[in-house]
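To start, the structure under review is shown below, and the notes come after it.
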DNA sequence: GATCCACAGGAATCCTCGGGGT
DNA sequence: ACCCCGAGGATTCCTGTGGATC
């Protein structure tokens, strides 16, 4: 029931799966595939499809290295590079920080093993996107890039970078519709719940709350099941489902805010407490709220980060800009 | 329309941390 | 024990922008 669980049969996205498989097919002959870019809203199955396709591929191709890197967790170029290098060895002696980025890159350039496919998830969170250009030039290395919005990754590239990665094949993921979500949930029910614990109507109710986001849908099902178990009822009723909706949504939001620093969390809370707040007022409030407040400039950097994470939105520009919570 | 102000955000610089070499 | 190095964060410095005021 965990959201990372990859079902054996990904039947909900046949077109996307086969498209991605086609792109990756050259590795079966030892050739290098073109880089690909999966984009679309969260909970649309991008990560799931990428991992699944790669796993399938690995069963058919003897010589294949793969790696999954979440660029949110490894958001600097150095960290991402480290993890990419890690999967093909060569990192045992660089646990130290004092190894320069260039040396890691050099080792990767010297890589001459079998074809190597890297999934770079949430690549829009990668701070140093230049590194993608470096990856692209590594022989036998190909990338599957994943992000929510196309422009977050490709807009701020300089010309060189975007032209080099223009061959990148883009696959768009749309939100799941109600029926697809129900199918996904049925799958989980079969693996994780007693028969008859929940009927199709209940799943539809969950899918409706989830609004196209599979991660939310699965979270709802999980929490509803747990709640029902606590109440020692055998069926998951509509009331139970409705009761866990807000809990589940804050839980998912919590996962995002947990990754913020304490100062960033304070800022986020200040913004959620008001419906609109300007930069000056916000800084005053922030200074009152914490000891050792950072500078204004740093706060602006934090705000930019919160925007990137889609936690807040900025309205208007320069002087009259206000910030408000999103979602 | 000239000037001032409040703010955004880019670039350069400073600071800190952890680890290696001597 | 000491110094040095590199990464990454924070700060300082700076330029640009749009609204307000005269």
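Considering only beta bridges that DSSP places wholly inside chain A, some 25 percent are antiparallel. Pull out a ≥ b ≥ c, the square roots of the eigenvalues of the alpha-carbon gyration tensor of chain A, then state rounded if a/c is under 1.5, prolate if not and a/b is larger than b/c, and oblate in the remaining case. Taking the square roots of the gyration eigenvalues as a ≥ b ≥ c, chain A is oblate. For the listed peptides A:288-299, A:269-280, a ranking on the average number of other beta carbons within 10 Å per residue, highest first, reads A:269-280, A:288-299.
Subtracting the Cα-Cα distance of residue A:229 and residue A:242 from their residue separation scaled by 0.36 nm leaves 3.1 nm. Ranked by the mean number of other Cβ atoms within 10 Å of their residues, highest first, the peptides A:186-196, A:133-143 come out as A:133-143, A:186-196. Classify segment A:178-252 as rounded, prolate or oblate, taking a ≥ b ≥ c as the square roots of the eigenvalues of its Cα gyration tensor: rounded when a/c is under 1.5, otherwise prolate if a/b is larger than b/c and oblate if not. Note, shape of segment A:178-252 comes out oblate.
Working ranking of peptides A:26-33, A:66-73 by packing, defined as the average number of other Cβ atoms within 10 Å per residue, highest first, is A:66-73, A:26-33. FRET efficiency for the pair residue A:272 and residue A:128, taken as 1/(1 + (r/R0)^6) with r the Cβ-Cβ distance and R0 = 35 Å, rounds to 0.70.
What separates the Cα centres of segment A:38-57 and segment A:256-327 is a distance of 32 Å.
At an R0 of 45 angstrom, the distance between the Cβ atoms of residue A:170 and residue A:106 translates into a FRET efficiency of 0.90. Label separation (residue A:195 vs residue A:257): 4.4 nm, computed from points 7 Å beyond Cα along the C-beta direction. Relative contact order of chain A, please, whole-number percent, based on alpha carbon pairs below 8 angstrom and at least 6 residues apart. It comes to 17 percent, rounded to a whole number.
Were the residues from residue A:295 through residue A:317 laid out at 0.36 nm apart, the gain over their Cα-Cα distance would be 5.9 nm. Under Stokes-Einstein, with the Kirkwood radius over Cα pairs as Rh, the value for segment A:24-70 at 4 °C and 1.567 mPa s is 109 µm²/s. For the pair residue A:186 and residue A:324, label points projected 7 Å from Cα toward Cβ lie 4.1 nm apart.
Full extension of the chain between residue A:152 and residue A:281 gives 43.6 nm of extra length, using 0.36 nm per residue less the Cα-Cα distance.
No lab work stands behind these numbers, since they all come straight from the coordinates. As the structure is a computational prediction, the values presented were derived from the model and not from experiment. No Cβ is skipped: glycine too gets one built from the backbone with ideal geometry, and neighbour counts run over all protein chains shown.
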